[in-house]
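In what follows, a single structure is set out as structure tokens and then discussed.
The values are calculated or read from the model by the stated rules, or taken from the named source; none is laboratory data. Please read these numbers as outputs of a predicted model, since none were measured by experiment. Don't worry about glycine lacking a Cβ; one is built from the backbone with ideal geometry, like all the others, and counts go over all protein chains shown. Ligands, DNA and RNA are excluded from the accessible area calculation, which covers all protein heavy atoms including side chains. Shrake-Rupley method; radii C 1.70, N 1.55, O 1.52, S 1.80 Å.
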Amino acid sequence: MKKMLPESELARDERFVRTNIEDRIFDPRGPRIAQRDTGPARMGVDRPAAGERSRSLMHGIFVGEIQALEGAGRTCYDFDDEAAPFQLKLDMARQCWDESRHCEISVKLGDHMGTEIGEYTESTFLFAAACNPDPVLRLCGVNRALEGLAIDVFNSMKNFGNESGDPILEFCEDWMLADEVTHVKMGSDWLRRLTATDPERRERALEFQRTVDAIFNLGGFRGEDDENPIQLARDFRRLAGFTDDENDSLAALARESTEQAREMAEAATAALQTSAQGS
Amino acid sequence: MTAITVTPNPFTLVPYDVAEIISLLEEAAALAGIPSGVDIALTVDEELFAPLTGHMSDVVDGRVVLWISGGNFEDNKRPCRFSAAQARVDLSVMMLRAKDRLSEDFAAAPLDAQLLRGERAAWDTYAAGRARRRGIDVRRPRQLYDFRLQHGFTNVADAAFERCWQAERVTWQGIREICKETGAADRGPSKVPVDLLRRK
């Protein structure tokens, strides 16, 4: 079996359609929408298209779970026992079990919300974080950045379930959230153990995590304001081993990403207006 | 003779074809039984993309006035591309609601921009159920979830959904009674305007 599988070779059946994140970034409608008030991005029954936005996000969570399963599975296989101790692989195997269950729960939640597998496109940028050839960097990318994002997403979904009075969504998300806290903790523990005598490697790993975190903040997707669909879950992140400094730093990064997205939208709108005046 | 207009014409941000949309509108109008001679005007907001979806059906001075997000027509699997299958579903539901507005049964109904979210969810369900029975590929679980978001995840709400879905005739008064029954009427007006996406 091949080691270090690139994201282009992930196996999917004919229901799945892959899209590039660039498709959305270069969509000519993006800058125009960024200038309009489309209501609070934060999930709520009062916001426009609440059902459709929830279904779309649920499908995104589902494909994210598949990729998290694939990432943890690859870590069990890609490295020898010297690079990645057997106990680490046991943790990854346990995570695979959890992620498989999350995939099944997400499919059922999709049914509950009225969507189906493959209804929306899949972006594989989550798996890209699981392709790093250094197991420590990969753990930081997957178990701290990606699974940290999962904590934020599940907590936001759980709150939406609570607000909308949907006990199925609320409880399912709560149970998955508990698993994600464990996964982040595994990442934090192994980061400490594997880099105990190599501070430079630890710093490289944390830098990689910051890069992945910045990608996940893209366009203000995550943050602490109403304009961020996914809210930073500080309390659960603390339980998972993130320090307050790390949470503050992530919040600052999220604000920066939101501001950058706004500036990009303004620049694109100005360019569109100039182009319209010239034509 | 019915005049059908689509705005914009042509589309400039997405490759949607006006002739194809008019053809689907004619099909939906026939399905809903819109009388000949009633003019139809559809505005598509081509700036909006999925999942920023929504649509509105009003009757103004005897004309059917429709508004829809471009996201409703967008193929979920191919961004920016038109999906005739998705358009057929939404246009059928919109046209059935417009037909309701042309009847005495809904004469007292306010414009779509003034409806409560619960009222709208119940009315959509009534239209979607009829569209389904006329052979349109409406998905019941999707409609049920949208109904529950506004009426609650309760047995009372589910029973009300079933009545709306199965009904061949409901009046505006009936929609309001359903909202009272599920408690949706007590939620009051939405904090976020229901026609926010329509505002530029």
Among the residues of segment A:133-142, is any within 30 Å of residue B:143 (Cβ to Cβ), open to solvent by 10 Å² or more (accessible area, probe 1.4 Å) and not in a helix (DSSP H, G or I)?
no
Does segment B:81-92 include one or more residues that are facing chain A (nearest Cβ under 10 Å) and either within 14 Å of the chain's Cα centre (by Cα) or buried (at least 21 other Cβ atoms within 10 Å of the Cβ) (or both)?
no
Counting residues that are at pLDDT 95 or above, which helices (runs of 4 or more DSSP H) fully inside segment A:182-279 reach at least 2?
A:199-216
Evaluate the following for residue A:188: is it of a type in the set (S, T, N, Q), in contact (Cβ under 8 Å) with a residue 12 or more places away in the chain and within 14 Å of chain B (Cβ to nearest Cβ)?
no
Considering only segment A:150-168, I want to know if a residue exists there that is in a helix (DSSP H, G or I), within 14 Å of another protein chain (Cβ to nearest Cβ), among the aromatic types (Phe, Trp, Tyr) and open to solvent by 10 Å² or more (accessible area, probe 1.4 Å).
no
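The rows are residues; the columns are (1) under 22 Å from residue B:77 (Cβ atoms); (2) touching a strand residue (DSSP E or B) at 6+ places or on another chain (Cβ under 6 Å).
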{"site": "A:24", "(1), (2)": "yes, no"}
{"site": "A:40", "(1), (2)": "no, no"}
{"site": "A:63", "(1), (2)": "yes, yes"}
{"site": "A:78", "(1), (2)": "no, no"}
In segment A:105-144, how many residues are away from chain B (no Cβ under 14 Å) and under 18 Å from the mean Cα position of the chain (by Cα)?
19
Number of positions in segment A:2-43 that are on the phi < 0 side of the Ramachandran plot, assigned to a loop (DSSP other than H, G, I, E, B) and either open to solvent by 30 Å² or more (accessible area, probe 1.4 Å) or at the interface with chain B (Cβ under 9 Å from one of its Cβ atoms) (or both)
22
If a residue must be within 30 Å of residue A:26 (Cβ to Cβ), over 13 Å from the mean Cα position of the chain (by Cα) and either outside the structural domain of residue B:82 (by TED's automatic domain parsing) or small (Gly, Ala, Ser) (or both), how many such residues does segment B:29-66 contain?
1
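Residue-wise test of (1) buried (at least 17 other Cβ atoms within 10 Å of the Cβ); (2) touching a Cys at 6+ places or on another chain (Cβ under 9 Å); (3) within 14 Å of another protein chain (Cβ to nearest Cβ).
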site: B:12; (1), (2), (3): no, no, yes
site: B:21; (1), (2), (3): yes, no, no
site: B:36; (1), (2), (3): no, no, no
site: B:39; (1), (2), (3): no, no, no
site: B:42; (1), (2), (3): yes, no, no
site: B:45; (1), (2), (3): yes, no, yes
site: B:60; (1), (2), (3): no, no, no
With the condition kept exactly as written, say whether any residue in segment B:186-193 is in contact with a Ser or Thr (Cβ under 9 Å, 6 or more places away or on another chain) and in contact (Cβ under 8 Å) with a residue 40 or more places away in the chain.
no
Name the residue that is least open to solvent (accessible area, probe 1.4 Å), counting only residues in segment A:69-84 that are farther than 22 Å from residue A:176 by Cβ and touching a residue at least 60 places away in the same chain (Cβ under 8 Å).
A:78
